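Enquirer: Before I ask anything, here is the structure I am working with.
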Amino acid sequence: MKVSVIGAGVVGLACASELQARGAKVTIYEQGESVGDSACSWWAGGMLAPWCERESAEEPVERLGAEALDWWDGRVGGVERNGSLVLALGRDAGELRRFARRTSEYEEIDGTRVGAIEPDLAGRFGAGLYFAGEGHLNPRRALADLAKGLAARGAELCFGSAMEPDNAPGDAVLDCRGLAARDVLPGLRGVKGEMLVIRSADVTLSRPVRLLHPRIPLYIVPRGDGVFMVGATMIESDDRTRISARSMLELLGAAYALHPAFGEAEILETGVDVRPAFADNLPRLVRHGNGRVLHVNGMYRHGFLLAPAVARMAAEAVLDATATPEFFQC
């Protein structure tokens, strides 16, 4: 079967990889000039944290997200399986208890254990939650490696090509354009996310750390060589042009609260983009018209976490006309 995939973000590349592994001949069309050039997944944190995400997400995110660590390890490698650490300042201790009630697969730890897990945080927090089974990856490296692997196995990647789904060649078409697909998916909305990349020679972390706050809980993800991603806001907006002063203060304040040495960090980059989401913040596989086009969309903030499971479902729907996987709509 010949399949066109439109969009080379995390969903499009994951779908292409899954289809290719099942014997399909895949061509990928991407309007940007390179991998990640126009994809909101370029700004992702790269946390593979299904149990942490259950705190604010529906049950399928936890269940299906658990597939992600092995899938990414098998496709691109580079998955750091050091777990996740969830902390709160003393005044926000109630947030830690609330987080624990809504999640599972964690160990309640005291300040001594926090320091043993992350020595640079020793003496700064009296308690925390440790999710040992979780992991993280570098999302930009993962996207590049996934595209490289697809090309090496015979897939064609067409950059600078704004292909429309109805005009794409092939036996089947997967529309993975994200928010650009609102013309055919009217229920799709945008959720703005803002992030920072900073560098500090004075702080070392081995795993993502979530710092809870009643209004804006944030996270810090190590990228190696003293580089950290700090993110991310969730604002109901389609504005992808700028980071606000308020969000910058919140992000930097969270880093400083985690460790004052971040106050001397170098700001390497700011990033803004808009995540595509439906009303329930769960993905959709929608088949329109004569059934040749399957729209795969609505990943919200769970792109890297849910892409493997959603790609599996999309491949099943494309290769088996009788398949009705989860999230499928016709």
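Enquirer: List pairs: first in the range 160-178 and in contact (Cβ under 8 Å) with a residue 12 or more places away in the chain, second part of a strand (DSSP E or B) and among the acidic types (Asp, Glu), Cβ under 7 Å, 6+ apart or cross-chain?
Expert: Close Cβ pairs (under 7 Å, with a partner that is part of a strand (DSSP E or B) and among the acidic types (Asp, Glu)) amount to SER161/GLU30; PRO165/ASP175.
Enquirer: Determine, yes or no, whether LEU129 is crowded, with 21+ Cβ neighbours inside 10 Å, touching a strand residue (DSSP E or B) at 6+ places or on another chain (Cβ under 9 Å) and either over 30 Å from ALA151 (Cα atoms) or aromatic (Phe, Trp, Tyr) (or both).
Expert: Criteria met by LEU129.
Enquirer: Scan ALA232, ALA277 and give me the residue that is buried (at least 18 other Cβ atoms within 10 Å of the Cβ), among the hydrophobic types (A, V, I, L, M, F, W, C), in contact with a Leu (Cβ under 9 Å, 6 or more places away or on another chain) and farther than 18 Å from PRO139 by Cα.
Expert: Result: ALA277 is the single residue among ALA232, ALA277 that is buried (at least 18 other Cβ atoms within 10 Å of the Cβ), among the hydrophobic types (A, V, I, L, M, F, W, C), in contact with a Leu (Cβ under 9 Å, 6 or more places away or on another chain) and farther than 18 Å from PRO139 by Cα.
Enquirer: Filter the range 76-110 down to residues that are among the aliphatic types (A, V, I, L, M), without any contact (Cβ under 8 Å) to a residue 60 or more places away in the chain and out of contact with any Asp or Glu (no Cβ under 6 Å at 6 or more places or on another chain), then give me how many there are.
Expert: Counting residues in the range 76-110 that are among the aliphatic types (A, V, I, L, M), without any contact (Cβ under 8 Å) to a residue 60 or more places away in the chain and out of contact with any Asp or Glu (no Cβ under 6 Å at 6 or more places or on another chain) gives 3.
Enquirer: May I ask you to list pairs of residues, at least six apart or on different chains, whose Cβ atoms are under 7 Å apart, with the first in the range 318-330 being touching a residue at least 40 places away in the same chain (Cβ under 8 Å) and the second being surrounded by fewer than 16 Cβ atoms within 10 Å (Cβ to Cβ) and in a loop (DSSP other than H, G, I, E, B)?
Expert: Pairs that qualify, where the first residue is touching a residue at least 40 places away in the same chain (Cβ under 8 Å) and the partner is surrounded by fewer than 16 Cβ atoms within 10 Å (Cβ to Cβ) and in a loop (DSSP other than H, G, I, E, B), are LEU319/MET1; LEU319/ARG22.
Enquirer: I want to confirm something. Restricting to the range 98-116 and keeping residues that are among the hydrophobic types (A, V, I, L, M, F, W, C) and surrounded by fewer than 18 Cβ atoms within 10 Å (Cβ to Cβ), which single residue is farthest from TYR219 (Cα to Cα)?
Expert: Taking the candidates together, the pick is ALA116.
Enquirer: For PRO260, all conditions in the list (1) out of contact with any helix residue (DSSP H, G or I) (no Cβ under 6 Å at 6 or more places or on another chain); (2) in contact (Cβ under 8 Å) with a residue 12 or more places away in the chain hold save one; what is the number of the exception?
Expert: Result: PRO260 fails condition (2) only.
Enquirer: Quick one: which helices (runs of 4 or more DSSP H) sit completely within the range 1-97 and have at least 2 residues that are open to solvent by 40 Å² or more (accessible area, probe 1.4 Å) and more than 30 Å from ALA257 (Cα to Cα)?
Expert: So the answer is 59-65, 68-75.
The values are calculated or read from the model by the stated rules, or taken from the named source; none is laboratory data. Please read these numbers as outputs of a predicted model, since none were measured by experiment. All Cβ positions, even for glycine, are placed from backbone atoms using ideal geometry, and neighbour counts span all protein chains on display. The accessibility values were calculated without ligands, DNA or RNA, using every heavy atom of the protein model including side chains. Shrake-Rupley method; radii C 1.70, N 1.55, O 1.52, S 1.80 Å.
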